[in-house]
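**Q** Have a look at the structure that comes next, please.
The values are calculated or read from the model by the stated rules, or taken from the named source; none is laboratory data. The model shown is predicted, which means the values in this text are computed figures rather than measured ones. Because the Cβ atoms are built from the backbone with ideal geometry, glycine has one as well, and the counts that use them run over all protein chains shown.
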Amino acid sequence: MPEDTATQTPAPTTAAVDPVRGFSRRALFGLAGAGAVGLGLGVAGDRAAIAAAAAASPTGGSVSYPFFGTHQAGIVTPAQDRLHFAAFDVADDLSRDDLIELLQDWSTAAALMTAGRDVGEFGSVNGPYDAPPEDTGEAQGLPPAGLTITFGFGPTLFQAADGADRFGLAARRPEALTPLPHFPGDMLEAGRSDGDLCIQACADDPQVAVHAIRNLSRIAFGRAAIRWSQLGFGRTSSTSTSQATPRNLFGFKDGTANIKAEEPDAVNDQVWVGDGDGPTWLAGGSYLVARRIRMTIETWDRTLLREQETVFGRTKGAGAPLSGGTEFSEPDFVIVGRADAPLIDHAAHVRLAHPTQNAGTRMLRRGYNFVDGNDELGRLNAGLFFISFQRSPEQFTRVQLNLAKNDALNEYIRHVGSALFAVPPGAATGSYVGAALFA
């Protein structure tokens, strides 16, 4: 087990960020257009300027989380209020060196943006008039807003669906990194599932989160393209004891018993990949599960309050278990009420998701609400974009199988998207995310 604990995760700071490498020539094509290199945006002159910009203090005095560190930020970091998540497929003609270069460029940009800086030497307004701006500019003047950028690698990065070992990584794929199984009740859409790479951008300002994905996508032009993406608002769980428990779109408090950063033993045991868990390059990292869960809002809104509380096994107001106490009281699954029926129903969500019903399994959940307009029948296209981090995908699979078979909540939800990614440990100063994979 690595000696790192949850308390060693990078703390919020307003200090200078670590200098980072400059952008590759291909990144500059993506940022500024094919003609920009001849206008003074070449790599050689760019590196020193970008390093100097990265070393400057972030604007606005807002909290920022450093990109470089033992673990990637955006896992045990206090959950921000907004999300932009994107899964990417790499280009068919991408080489191993091209992939490394892309990760280097993404790391350079991530270090700048998490510090509240523009991307590139000239940013959004100071470059040549005859070239597109290096930075898209919608975050100009905004503080960092607690932005974190977290990268992950999908199973197909190591071995394509046709079996091809495109980047010589097949032998280094973690044994546990295989596509998630098709669970009972899944109605998965291929266009909302899987991917070679993923980026999770979380911030307390939606424009800052969108700015991050937008610029990273530009940098990847010609090398990787977005396969699917998801905007999220209103975190649906807390990752710190300093945060109040939020509510999901069904109006219930969610994530009361979530793993918190202030539980280092639980984080080390349940979240971080250990030295003996697989390939050494992943030690100190984690596994990210993403599930897009559509809620049948209109049906739920016509459901009796008594039934709603029975489904969850908690009161809708205080969030206390139906067995009594406060929100943070441990549920009592034995105590009975009328007709000797348990106060917490056998099919209640809180019962089936509880660690005592899943061999002690816990996950660090980091999901978000979403509303993507209306469908063709006028119903809200809304729900939960579920994200969890765990030491092994088996933790998620164990709990989801338990929920998929018996959870009363299944009457009101549909799982329509699914993906699994290996999240490498944090990048060392001057290096890039995932560097150990290519060593």
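**Q** For the range 305-312, does any single residue satisfy the condition of being closer than 30 Å to Gly191 by Cβ, out of contact with any Pro (no Cβ under 6 Å at 6 or more places or on another chain) and either among the hydroxyl-bearing types (Ser, Thr, Tyr) or assigned to a loop (DSSP other than H, G, I, E, B) (or both)?
**A** no
**Q** If a residue has to be closer than 14 Å to Phe438 by Cα and surrounded by fewer than 13 Cβ atoms within 10 Å (Cβ to Cβ) to count, how many in the range 166-186 make the cut?
**A** So the count comes out to 2.
**Q** I've got another one for you. Out of all the residues in the range 330-346, is one or more in contact (Cβ under 8 Å) with a residue 12 or more places away in the chain and within 28 Å of Cys202 (Cα to Cα)?
**A** no
**Q** Among (1) modelled with pLDDT of 95 or more; (2) in contact with a Gly (Cβ under 9 Å, 6 or more places away or on another chain), where does Asp97 come up short?
**A** Of everything listed in (1) modelled with pLDDT of 95 or more; (2) in contact with a Gly (Cβ under 9 Å, 6 or more places away or on another chain), Asp97 misses just condition (2).
**Q** Note down all Cβ pairs under 7 Å where the first residue falls in the range 182-196 and is touching a residue at least 40 places away in the same chain (Cβ under 8 Å), the second is of a type in the set (Val, Ile, Thr) and in a helix (DSSP H, G or I), and they're at least six residues apart or on different chains.
**A** Every condition considered, the pairs that remain are Asp194/Thr156; Asp196/Thr156.
**Q** Follow-up question, since we're still on this one. Scan the helices (runs of 4 or more DSSP H) fully inside the range 184-301 and keep the ones with 3 or more residues being among the polar types (S, T, N, Q) and either at pLDDT 95 or above or within 15 Å of the chain's Cα centre (by Cα) (or both).
**A** Fully inside the range 184-301 and qualifying: 206-219.
**Q** Look at Ala203 and say whether it is touching a Pro at 6+ places or on another chain (Cβ under 7 Å) and touching a residue at least 60 places away in the same chain (Cβ under 8 Å).
**A** no
**Q** Right, next: Would you pick out the residues in the range 73-120 that are of a type in the set (Val, Ile, Thr), outside any loop (DSSP other than H, G, I, E, B) and touching a Lys or Arg at 6+ places or on another chain (Cβ under 8 Å)?
**A** Val90, Thr108
**Q** Just give me the residues in the range 349-378 being touching a strand residue (DSSP E or B) at 6+ places or on another chain (Cβ under 8 Å), part of a loop (DSSP other than H, G, I, E, B) and among the small types (Gly, Ala, Ser), in sequence order.
**A** If the condition is that a residue be touching a strand residue (DSSP E or B) at 6+ places or on another chain (Cβ under 8 Å), part of a loop (DSSP other than H, G, I, E, B) and among the small types (Gly, Ala, Ser), then Gly367 is the only one that fits.
**Q** Something else now. Would you pick out the residues in the range 378-402 that are buried (at least 21 other Cβ atoms within 10 Å of the Cβ) and either more than 16 Å from the chain's Cα centre (by Cα) or at pLDDT below 95 (or both)?
**A** Scanning the range 378-402 gives Gly383, Gln395, Val399, Gln400.
**Q** Something else: Out of the range 147-160, which residues are part of a loop (DSSP other than H, G, I, E, B) and either free of Cβ contacts under 8 Å to residues at least 12 places away in the same chain or crowded, with 24+ Cβ neighbours inside 10 Å (or both)?
**A** Passing the criteria: Leu147, Ala160.
**Q** Please specify each residue of the range 277-302 satisfying the condition of being loosely packed, with under 15 Cβ neighbours inside 10 Å and in contact (Cβ under 8 Å) with a residue 24 or more places away in the chain.
**A** If the condition is that a residue be loosely packed, with under 15 Cβ neighbours inside 10 Å and in contact (Cβ under 8 Å) with a residue 24 or more places away in the chain, then Thr280, Glu298, Thr299 are the ones that fit.
**Q** Taking into account only those residues within the range 316-354 that are more than 29 Å from the chain's Cα centre (by Cα) and polar (S, T, N, Q), which is surrounded by the fewest Cβ atoms within 10 Å (Cβ to Cβ)?
**A** Checked the range 316-354; the qualifying residue surrounded by the fewest Cβ atoms within 10 Å (Cβ to Cβ) is Thr326.
**Q** Among (1) farther than 30 Å from Val267 by Cβ; (2) assigned to a loop (DSSP other than H, G, I, E, B); (3) among the charged types (D, E, K, R), there is one condition Asp332 misses while meeting the rest; what is its number?
**A** Here Asp332 meets the rest and fails (1).
**Q** I'm trying to understand the selection: among the residues of the range 352-380, which are among the charged types (D, E, K, R) and within 17 Å of Ile413 (Cβ to Cβ)?
**A** Arg365, Asp372, Asp375, Arg379
**Q** Which one of these does Ala160 not meet: (1) over 29 Å from Ala422 (Cβ atoms); (2) under 24 Å from the mean Cα position of the chain (by Cα)?
**A** The one condition Ala160 does not meet is (1).
**Q** Taking interchain pairs and intrachain pairs at least six residues apart, which have beta carbon atoms under 9 angstrom, with the first residue in the range 316-327 and over 20 Å from Trp300 (Cβ atoms) and the second among the polar types (S, T, N, Q) and surrounded by fewer than 16 Cβ atoms within 10 Å (Cβ to Cβ)?
**A** Final answer for the pair search is Ala320/Thr326; Ala320/Ser329; Pro321/Ser329; Ser323/Ser329.
**Q** Quick one: would you say Asp375 is more than 21 Å from Leu83 (Cβ to Cβ), without any contact (Cβ under 8 Å) to a residue 40 or more places away in the chain and either surrounded by fewer than 21 Cβ atoms within 10 Å (Cβ to Cβ) or touching a helix residue (DSSP H, G or I) at 6+ places or on another chain (Cβ under 9 Å) (or both)?
**A** yes
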